[in-house]
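Q: Quick one: this structure, given as structure tokens, is what I'll be asking you about.
Nothing in this text is a laboratory measurement; each read-out follows from the coordinates by a stated rule. This one's a predicted model, so the numbers in the text were calculated from it and none came from an experiment. Cβ coordinates were reconstructed from backbone atoms using ideal geometry, including for glycine residues, and neighbour counts include every protein chain displayed.
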Amino acid sequence: SQHITSEGKNMVNKTLFEKWLNDKTLHTINSISKQVQTDLRKRTYDFKKSEMVLAGLDKRVRFNKNLGGIEKVTDEKKSHENEENVSLENESKLGPVEDTDLIKVRFEEKKKINWDNKLYLSPLTTVGNLPFRRICKEFGADITCGEMSLASSLLQMKTPEWALTKRHGSEDLFGVQVCGNNPFVLTRCAQVLQEQTQVDFIDVNLGCPIDLIYHQGAGSGLLGRKIKLFSIIKTMNSVMEIPLTVKTRVGIYNCKNVAHEFMGKFSELGVSLITVHGRSREQRYTKSADWDYIEKCAQLAKPTPVFGNGDILSFEDYQYAKSNYPSISGCMIGRGALIKPWIFTEIKEQKNIDISSKERFDIVQKYVNYGLEHWGSDTMGVENTRRFLLEWLSFLHRYIPVGLLEYPPQKINDRPPAYKGRDDLETLMASSNCNDWIKISEMLLGPVPEGFHFLPKHKANSWK
């Protein structure tokens, strides 16, 4: 088990290294060059393209920071701007156009993605990391998306935020989700991502329910700032050559759905895909998702495709959604994939898979290997892998084996009584006790550090 040579250098298995070198699907991409990092930190990055788009926005509206809305420019200011532009408009220009990089790509010229009937793994904060996405890709997920990243932090070149944009070679249809509260930050962020990363689409988060994000007017907070939201979509789409998508909740408050009011405008502004989570911000993850309302949104958004999100935990749930809500183009799966990542295989093969505890443990072991590959095998890498593994186990333990169910399939909000599995490992993996999750991590990563404590970030076991 020696890892270093007598000279203190890492030992290299040349056979495995050659295999890795020749197989691009094993590579992780979207690393930012040192020059770009320096330019972002020193604020010297060339945002000319974004500034031209935003300048056009500034001529029409000016943002009122106190009210969080926008105010129209007066007729007097408009006439003054027109006088300034007369000389430029009348100036004759000869020769080829030199500023081709500034010419806006029309929506109909953008890259096209066929979204129909794709299985979309939700961008899951904390738990939807690269190792977990690799697991889901192996089980048949068609579309993957990075965890929500803050646009302002990306522009400030905060390394942990840029780590969320990393893409594995196996992710053949991959996007990045960004969150922000104004067009000036989000448009510049879209330009950087477009120019410096290899992504297939950029998703705007309109559903994050976290108080810190909401009170800044981002995430689900944008659902209450309609004009600013439309400005964001318009300016971002103007600097992008790849599709722009949005993920939204039905509204901010219970019994006050507003998402349907945005559908027609989203389609008009060239949004490529709209995903609707059938719950409000206030509702978080309680009660059932409102698929009837998602169907209504899908009808209003035509011809733009709409994906439904919420409560898919079996192929029966997926088939019910597709057959009863025909306007919906596909489904996004979040917690269902955390509880049983093989749900994508079940949907494609149209059957319930009674997976054994040994097979589930092998999946966890594979996740650990991917984690050590991604975060490193030093002490910090091991503990990062352990932390994210425990976050995942806080969901994975909810799975109830098909062979133990009296009336399959399992429903996502069901909370069974404590039960004994078909073997000791199955019983251990079904435990809702954090200490048992730590035991599982120790089976794969060794003993935890002295004084180690763990509390799930998403409080997945708070239902007890």
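Q: With label points built 7 Å along Cα→Cβ from the Cα atoms of Q194 and K226, find their separation and express it in nm.
A: 2.7
Q: Once every DSSP H run of n ≥ 4 in the chain is given -39500 (n - 2.57) and the sum is divided by its residues, what mean residue ellipticity at 222 nm do you get, rounded to the nearest 500 deg cm²/dmol? Each step should come with its number before you reach the end.
A: Values: 19 runs with 193 residues, N = 464.
That calculation yields -12500 deg cm²/dmol at 222 nm.
Q: Turning to a different aspect of this structure: Using 0.36 nm per residue, how much length does the chain from Y419 to L21 gain when fully extended, once their Cα-Cα distance is taken away? Spell out each step's value before the answer.
A: Values: separation 398, 0.36 × 398 = 143.28 nm, distance 4.70 nm.
Length gained between Y419 and L21: 138.6 nm.
Q: Over region 349-440, calculate the relative contact order: mean separation of alpha carbon pairs under 8 Å at least 6 apart, over the residue count, as a percent.
A: Dividing the mean separation by the residue count of region 349-440 yields 31 percent.
Q: What FRET efficiency do you get for D292 and S356 if R0 is 56 Å and r is their Cβ-Cβ distance, rounded to the nearest 0.05? Before the final figure, lay out each step's value.
A: Values: r = 38 Å, r/R0 = 0.67.
The computed FRET efficiency comes out at 0.90.
Q: Compute the long axis of helix 48-60 from its Cα atoms, compare it with the longest principal axis of the Cα atoms of the chain, and write down the angle in degrees, 0 to 90, nearest 10.
A: 60
Q: Give the total of Lys-Lys pairs in region 357-445 with Cα-Cα distances below 23 Å; include a pair only if its members are 8 or more places apart or on different chains.
A: Lysine pairs meeting both conditions in region 357-445 amount to 6.
Q: Now for a separate question. Starting from the Cα-Cα distance between M52 and R284, subtract it from 0.36 nm times their residue separation and give me the gain in nm to one decimal. Walk me through the numbers before you get to the answer.
A: Numbers: separation 232, 0.36 × 232 = 83.52 nm, distance 3.85 nm.
Difference between extended and current length: 79.7 nm.
Q: How far, in nm, would the chain grow between S377 and E268 when pulled straight, counting 0.36 nm per residue and subtracting the alpha carbon separation? Intermediate results must be reported in sequence, preceding the final value.
A: Working: separation 109, 0.36 × 109 = 39.24 nm, distance 4.86 nm.
Extra length from S377 to E268 when fully extended: 34.4 nm.
Q: Which FRET efficiency value, to the nearest 0.05, is calculated for Y320 and V36 with the Förster distance at 60 angstrom and r the Cβ-Cβ distance? All intermediate terms of the calculation are to be shown ahead of the outcome.
A: Numbers: r = 47 Å, r/R0 = 0.78.
With R0 = 60 Å, the Cβ-Cβ based efficiency is 0.80.
Q: Between S170 and K302, what FRET efficiency comes out of the Förster formula 1/(1 + (r/R0)^6) with R0 = 41 Å and r the beta carbon distance, rounded to 0.05?
A: Working: r = 33 Å, r/R0 = 0.80.
Computed FRET efficiency for K302 and S170: 0.80.
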